[in-house]
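**Q** The structure follows.
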Amino acid sequence: MRSTIRSLHGLTRPQLGLRETLVLDMRVWPGDLNIGLHMDNVRYLQLMNEARNLFFQRTGIRRVCLRRRLGLPLASCDMRYRRPLHAGQRYRLSTRIVDWDERRFEIVQRYERKGELIAEGHFHSAFTQAGKVVAPADVFAAIATAPAPATQPGAAPEG
């Protein structure tokens, strides 16, 4: 239900640039908890998926994918959990594209509470069409706010 409301709310919000950060202020609800009474690891990933979908909607990526009939599979996910979140606690979930090359792009998502890092995920994704990879730069060029990539294609990202 929350994802439906968030998605509909996203339709009324201004478009984000590809290098801008989507920030969602949220709260841990009882249904988010596991038996240890902290937010379940799977719930972190579910909320991150919802935030990525909202990010794709707000940046215009979703529109281009639908128009061109592109797939958007997740290639890899690296997740680090640093601190637990408990019932009722407020937190911030941020989503942004940090880099891309000729085959895929990287999104970083961070959970923070009172300025402290709670968890961080690095996600690599690709655009596909008819079983072939489509260069992210080609897709991003279809969006009016597309900037140049942070690194040259083929160069290893810093960090």
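The values are calculated or read from the model by the stated rules, or taken from the named source; none is laboratory data. Given the structure is predicted, the values throughout are model-derived calculations rather than measurements. Here the Cβ positions follow ideal geometry from the backbone for every residue, glycine too, while neighbour counts run over all protein chains shown. Only protein heavy atoms, including side chains, enter the accessible area calculation; ligands, DNA and RNA are left aside. Shrake-Rupley method; radii C 1.70, N 1.55, O 1.52, S 1.80 Å.
**Q** I'd like to know if the stretch 9-23 contains one or more residues that are out of contact with any Ser or Thr (no Cβ under 9 Å at 6 or more places or on another chain) and in contact (Cβ under 8 Å) with a residue 60 or more places away in the chain. If you could, list the steps in order and put the result at the bottom.
**A** Applying the first criterion (out of contact with any Ser or Thr (no Cβ under 9 Å at 6 or more places or on another chain)) to the stretch 9-23 yields 9-14.
From the residues that got through so far, the ones that are in contact (Cβ under 8 Å) with a residue 60 or more places away in the chain too are none.
There is no residue in the stretch 9-23 that is out of contact with any Ser or Thr (no Cβ under 9 Å at 6 or more places or on another chain) and in contact (Cβ under 8 Å) with a residue 60 or more places away in the chain.
**Q** So, one more: Mind checking which residues of the stretch 114-140 are in a strand (DSSP E or B), under 22 Å from Gln57 (Cβ atoms) and of a type outside the set (Gly, Ala, Ser)? Walk me through it before giving the result.
**A** Going residue by residue through the stretch 114-140, those that are in a strand (DSSP E or B) are 116-125, 127-129, 132-134.
Adding the requirement that they be under 22 Å from Gln57 (Cβ atoms) leaves 121-125, 127-129, 134.
Across the stretch 114-140, the qualifying residues are His122, Phe123, His124, Phe127, Thr128, Gln129, Val134.
**Q** Give the residue, chosen from Tyr111, Tyr91, that is touching a Lys or Arg at 6+ places or on another chain (Cβ under 6 Å) and part of a strand (DSSP E or B).
**A** Tyr91
**Q** Any idea which of (1) within 13 Å of the chain's Cα centre (by Cα); (2) open to solvent by 60 Å² or more (accessible area, probe 1.4 Å); (3) closer than 29 Å to Gly115 by Cβ is the one Val42 doesn't satisfy?
**A** (1)
**Q** Please go through the stretch 126-143 and pick out each residue that is touching a helix residue (DSSP H, G or I) at 6+ places or on another chain (Cβ under 6 Å) and open to solvent by 10 Å² or more (accessible area, probe 1.4 Å).
**A** Hit for the stretch 126-143 is Ala142, nothing else.
**Q** Looking at the stretch 30-47, is at least one residue part of a strand (DSSP E or B) and not hydrophobic (A, V, I, L, M, F, W, C)?
**A** Taking every residue of the stretch 30-47 in turn, at least one turns out to be part of a strand (DSSP E or B) and not hydrophobic (A, V, I, L, M, F, W, C).
**Q** In the set Arg113, Arg103, Arg90, which member is open to solvent by 40 Å² or more (accessible area, probe 1.4 Å) and in contact (Cβ under 8 Å) with a residue 40 or more places away in the chain?
**A** None of the others qualify; the one that does is Arg90.
**Q** To continue, here is another question. Considering only the stretch 49-88, how many residues are small (Gly, Ala, Ser) and part of a strand (DSSP E or B)?
**A** First, pick out the residues of the stretch 49-88 that are small (Gly, Ala, Ser): 51, 60, 71, 75-76, 87-88.
Within this subset, residues satisfying the condition of being part of a strand (DSSP E or B) are 71, 75-76.
The qualifying residues number 3.
**Q** Here is a follow-up. Across the stretch 116-125, what is the total count of residues that are open to solvent by 30 Å² or more (accessible area, probe 1.4 Å) and farther than 18 Å from Pro73 by Cβ?
**A** The qualifying residues number 3.
**Q** Do we have any residue at all in the stretch 49-57 that's of a type outside the set (D, E, K, R), touching a residue at least 60 places away in the same chain (Cβ under 8 Å) and farther than 16 Å from Leu117 by Cα?
**A** No: zero hits.
**Q** For Ser76, which of the numbered conditions (1) closer than 20 Å to Arg103 by Cα; (2) in contact (Cβ under 8 Å) with a residue 24 or more places away in the chain; (3) crowded, with 17+ Cβ neighbours inside 10 Å fails to hold?
**A** (3)
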